[in-house]
Each structure stands twice: as structure tokens, then as C-alpha cells.
Amino acid sequence: MKIGLFYGSSTGNTEMDGKIIKDKFDEYTPGLVEMFDIAKVEVEAMLPYDHLIIGCPTWNIGQIQDDWDAKFEQLDRLDLTGKRVGIYAPGDPVGYPDNYCDAMGLVGHKLEERGAELVGFTDASDYQFDHSLAVEDGVFLGLPLDDDNEPGMTDERIADWVAQLIVDFGIDELVAA
């Protein structure tokens, strides 16, 4: 069993965070996560994986990052029924408090429309922002990160999230072996 991690990155933060996520999974089971730059693969590359991790930062004012934006409509070709998906999203709640991590909500809802089950929710009360399309019932639809203003919190947030994903993906017995 493998986990597919697909990211889009304009500044390198989302790729860097993806590598940290992969490294944290490697601490449990080396080689479990395979990483892909969404700009360099077709969206169908997601289909062989039962579990997906999506890295999609918010760009400009509440927009999807360019690489994901270019592939967004292509997601309509996928049947993601039965797939569990965790989303991480770097964003800037200081510069963009009114749309912090909106891309997580936009991509997350698209994946749900295609049959995916979102997992890896994060309590929104631990973050300072005004509004986000990624928040429902007080939780983010994944892991929001702030590599610009709170870089010292990234490793701990990712470590906690990976431990949560192991349970949410139902692979806790696999990684304990």
C-alpha cells in the first residue's frame, strides 16, 4: 500500500511542507508516501492510490495555486469514490485574513464532489484569521500552515497531523508493524 502526495507550489513552501510530511511518514514506514508535482503529472496519476495527500496553497486573494488551477476542471474526470484524502495548505493569515487557506476549501469540495472522503481535520480555534472557505463547523478541512509568519510551528503541526492521518487513513496497524 502506498500513499500518493500531490502538491502544487509557486514559492516552494508547499513542496517543502510535502517533504516534511513524507519524512514524518518515513519515520513510521519508509517509502509509504510517493510525492508528485501536480504540474508534471496528469490528474489520473491519483487513481492507483487509496489514500491521497493534497498540497494546495491559496494564491493571491483566495485563489487556487496556478498548478492546481490548471488541473482543477480535469478533476471532474476522476472517480475518487472510496479514497480518503488529507489536504494541507500553506497560507498567510496575517496578509490575507479574509481568505486564509480558501484553496483548501475549493479543492476539498471538488474532491468530495468526485467521491473522496476528506480526513485530517484541524481545529480552527488554534489559528488567527477572519474567514476561510476551508472551515466548516469550527474545523479546517485539512491542515493549514503558515510558513511565513509561524515557521517554527510547521514541524509540530505536521507531526501531529501525520499521526492523525495514520489513524484517519486506517493504517495505524500497518505503520505499527
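Read-outs: derived from the displayed coordinates by stated rules, not from any lab. Everything numeric here is computed off the predicted structure, so don't read it as measured data. Note: ideal-geometry Cβ built from the backbone for every residue, glycine included; neighbour counts use all protein chains shown.
Tabulated values for the structure
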read-out	value
Residue ranges of helices (runs of 4 or more DSSP H) in region 99-177 with at least 3 members surrounded by 14 or more Cβ atoms within 10 Å (Cβ to Cβ), touching a residue at least 40 places away in the same chain (Cβ under 8 Å) and in contact with a Pro (Cβ under 8 Å, 6 or more places away or on another chain)	none
Residue match in region 10-22 (condition: at positive phi, more than 14 Å from the chain's Cα centre (by Cα) and not aliphatic (A, V, I, L, M))	yes
Answer residue from region 73-95, given it is in contact with a helix residue (DSSP H, G or I) (Cβ under 7 Å, 6 or more places away or on another chain) and among the hydrophobic types (A, V, I, L, M, F, W, C) and is surrounded by the most Cβ atoms within 10 Å (Cβ to Cβ) among those	ALA89
Region 74-91, residues that are over 16 Å from the mean Cα position of the chain (by Cα) and not in a loop (DSSP other than H, G, I, E, B)	GLN74, ASP76, ARG77
